[in-house]
Amino acid sequence: MVISLIDIQRRRSADESVKAALTEVLSRVESFSRANTHLYHDPTNVSTVQMKDYLGELCDALSEALTLRGAITLNCASDQALVDRDRAVSIGLLINELVTNAAKHAFEGRETGAVNISFRRSEGGWTLCVEDDGVGMQASRPSGEGGLGKRLVDAFVRQANGTLSTESSAAGTRVIVELKD
């Protein structure tokens, strides 16, 4: 119902900046909704989430959204992993935010691009990697600039009990989040 109300407001607005803002809010709410829908597929286990399945569904939905922005492809790979429900939601919202940021900023002046997501077992935990083959952060916006998306990324990383590192060059940007068991 919330998604429908936001979508109605978005379609009724004549202001493009309002439409863009509501589209971002809609994406975030849809991501949270998908997380909750997936969390309750198995009524015998509502405390953990199978990340491979969850991230597959999330990537399918994000891929559909990316086709609206041109020829941006999304590739997703995940190991099998049972993760605490609240942590899984934070990871899903983090991925949603990182992919949205890449689609919005990484491919300026280009019609094509790729975003790759991986969630893999690492020593002592898990590694989430979201990378694009875009123009790099320095080329896409002035340094020091960080809006709501950056603050949300930082908050989701904290909620997932992770540490974030970012590498960026003219060949693209890679965000790595280390998640301890």
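The values are calculated or read from the model by the stated rules, or taken from the named source; none is laboratory data. From a predicted model like this one, the values you see are computed outputs, not experimental measurements. When we count neighbours, we look across all protein chains shown, and the Cβ atoms used for this are built from the backbone with ideal geometry, even at glycine. When the accessible area is computed, the model is the full protein with side chains, heavy atoms only, and any ligands, DNA or RNA have been set aside. Shrake-Rupley method; radii C 1.70, N 1.55, O 1.52, S 1.80 Å.
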Of the options 48, 153, 91, report the single residue whose Cα projects farthest towards the positive end of the charge dipole of the chain (beta-carbon charges: Lys, Arg +1; Asp, Glu -1). 153
What cysteines in the chain have no other cysteine with a beta carbon less than 4.7 Å from their beta carbon? 129
Roll a 1.4 Å probe over the protein chains and send me the accessible area per residue for the chain in Å². 54
Can you compute the label reach from residue 10? Point 7 Å from Cα along the Cβ direction, backbone N cut-off under 17 Å, restricted to region 76-95. 93
Helical mean residue ellipticity (222 nm; -39500 (n - 2.57) per DSSP H run of 4+; nearest 500) of the chain: -16000 deg cm²/dmol
I'd like to know which of 81, 6, 164 lies farthest towards the positive end of the charge dipole of the chain, counting +1 on Cβ of Lys and Arg and -1 on Cβ of Asp and Glu. 6
With Cα springs under 10 Å, the Gaussian network model of the chain assigns the largest mean-square fluctuation among 72, 95, 117 to 72
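Can you tell me how the chain classifies by the Cα gyration tensor, rounded, prolate or oblate, using a/c under 1.5 as the rounded cut? Please report the intermediate quantities before stating the final value.
Values: a/c = 1.76, a/b = 1.15, b/c = 1.54.
Verdict is oblate for the chain.
For the chain, which DSSP H helices look membrane-span-like by this rule: Cα extent along the axis of 24 Å or more and mean Kyte-Doolittle of at least -1.0?
On the way: long enough: 16-39 (34 Å, -0.10); 85-105 (30 Å, 0.10).
Span-like helices, by this rule, are 16-39, 85-105.
Using +1 on the beta carbon of Lys and Arg, -1 on that of Asp and Glu, and nothing else charged, what's the dipole of the chain about the Cα centre, debye to 20? Each step should come with its number before you reach the end.
Values: 20 positive and 25 negative charges, 73 e Å.
Result for the chain is approximately 360 debye, rounded to the nearest 20.
Let's see if you can work this out: charge +1 on each Lys and Arg Cβ, -1 on each Asp and Glu Cβ, no other charges. What is the dipole magnitude of region 96-181 about its Cα centre, in debye to the nearest 20? Mind dumping the intermediate values first?
Details: 10 positive and 12 negative charges, 39 e Å.
About 180 debye.
Are any of the pairs 52/180; 19/52; 104/180 more than 22 Å apart by Cα-Cα distance, and if so, which?
The pairs that break the limit, which is 22 Å between Cα atoms, are 19/52; 104/180.
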Each label sits 7 Å from Cα toward the beta-carbon; between residue 33 and residue 111 the label points are separated, in nm, by 3.2
Ignoring ligands, DNA and RNA, please state the percent of accessible area on the chain from carbon and sulfur, probe 1.4 Å. 53
With unit charges on the beta carbons (Lys and Arg positive, Asp and Glu negative) and the dipole taken about the Cα centre of the chain, which residue among 62, 33, 134 sits farthest to the positive side? 33
